[in-house]
Amino acid sequence: MATKLSKQLKREIEVDGKPYMVTLSPDGVKLTEKGKRLGREHSWKELIGAVAGGAAPSPSDASFGPAG
């Protein structure tokens, strides 16, 4: 049985040698370059809509990746 997500869960990942923080919360997911405050956020509804619609969020739709 899976555990319900009731509070934030943070994990560090490495992509192309750069560290990032992934934060999962009941509201959605956020990806931030480690040491930075601003990142990319997507609500679960946005992600489910993208999957149900058959298309991933496009780069112009505040995609995942380092904040500019």
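Table for the structure above
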{"quantity": "Integer Hz, Karplus 6.51/-1.76/1.60 couplings in order for region 42-53, x for Gly and Pro", "calculated": "9, 7, 5, 4, 4, 5, 5, x, 5, 6, 5, x"}
{"quantity": "Hits among aspartates and glutamates - C-alpha to C-alpha of LYS7 under 20 Å, sequence gap 8 or more where chains match", "calculated": "ASP27, GLU41, GLU46"}
{"quantity": "Spin-label model distance (nm) - LYS36 vs VAL51, 7 Å beyond Cα toward Cβ", "calculated": "2.6"}
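The numbers here are math on the coordinates, done by the rules we state, and not lab data. Keep in mind that this is a model prediction, so the values were computed, not measured. Note that each Cβ is placed from the backbone with ideal geometry, even for glycine, and that neighbours are counted across all protein chains shown.
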